[in-house]
Amino acid sequence: MLAPATFTRIITLNSTDLNEGIVEDISACFKEGKVVVFPTETVYGLGALYSNKEAIERIYRIKKRSDKKPLTLLIAKKEMILDFVDDVSEEVYALMDAFWPGPLTLILRNKNKEAFGFRIPAHDIALRLLESVKEPIATTSANFSGEKDITNGNEVIDTLQGKVDIIVDSGESPLKIASTVVEIRGERGYSILRAGTISEKQIKEYLGSWEK
């Protein structure tokens with residue numbers, strides 16, 4: 001049985017058109033539990049507020065994603081990480097300072113070994129929304145699982161109109177490639193889980209003495 005279609009509001013918006021009114025409008029939609037597609041500098045994101053579990057469940061259904069795969073938490077400032085993990089090393093803070101805002105996702109674990117992925121995006125629209133909602137936006141790439149990432153507004157409309165509540169169309173993604181993903185293991189270990197525009201050589205400048 002097919003899921004009922006959702007009315008999708010499409011907002012065409014460039015960074016130069018940003019104003020407080022439109023930011024508050026989209027932010028209010030997040031706070032109402034809506035599922036929103038929005039631009040980042042890497043690829044388009046499919047997101048909802050982390051605090052709204054029902055909206056997050058919708059993301060998994062829309063994307064056809066296994067619930068064993070956690071979503072990335074986009075945040076407005078690095079201090080928000082401490083709401084989820086207990087301690088962050090100086091080296092990891094140095095990585096954040098070097099590459100945030102930017103295309104680096106860091107996976108950190110708390111004392112209970114729960115893993116969380118964090119990123120501060122380098123995109124004016126995404127950042128303004130994060131600053132406005134004042135909490136993490138749980139996000140995944142705006143494509144169906146197993147399909148290629150979407151990096152332009154027209155394609156995201158073709159793919160997800162009728163399935164999500166809002167699509168913010170900002171044209172082409174600047175980088176057109178997903179973020180580099182680095183998992184921090186234990187006190188001095190790390191793995192690069194996905195290559196991106198930030199290279200292994202750049203990561204090693206900050207974690208070079210750590211075990212890979």
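Observations
- Among residues of segment 70-88, those that are touching a residue at least 24 places away in the same chain (Cβ under 8 Å), of a type in the set (D, E, K, R) and not in a helix (DSSP H, G or I), counted: 2
- Tally of residues being touching a helix residue (DSSP H, G or I) at 6+ places or on another chain (Cβ under 9 Å), crowded, with 20+ Cβ neighbours inside 10 Å and under 25 Å from residue 54 (Cβ atoms) across segment 105-127: 3
- For residue 172, the stated conditions do not hold, so it cannot be described as without any contact (Cβ under 8 Å) to a residue 24 or more places away in the chain and under 19 Å from residue 64 (Cα atoms).
- Single residue of segment 1-59 satisfying the filter (assigned to a helix (DSSP H, G or I) and β-branched (Val, Ile, Thr)) that is surrounded by the most Cβ atoms within 10 Å (Cβ to Cβ): 26
- Selection count where residues are more than 22 Å from residue 185 (Cα to Cα) and free of Cβ contacts under 8 Å to residues at least 24 places away in the same chain, scope segment 100-129: 0
- A count restricted to segment 147-197 and to residues that are over 19 Å from the mean Cα position of the chain (by Cα) and either β-branched (Val, Ile, Thr) or surrounded by fewer than 17 Cβ atoms within 10 Å (Cβ to Cβ) (or both) stands at 10.
- For segment 82-109, residues that are of a type in the set (A, V, I, L, M, F, W, C), farther than 19 Å from residue 193 by Cα and under 14 Å from the mean Cα position of the chain (by Cα) total 0.
Read-outs: derived from the displayed coordinates by stated rules, not from any lab. Note that the structure is a prediction, hence the values are computed from the model and not measured. Note that each Cβ is placed from the backbone with ideal geometry, even for glycine, and that neighbours are counted across all protein chains shown.
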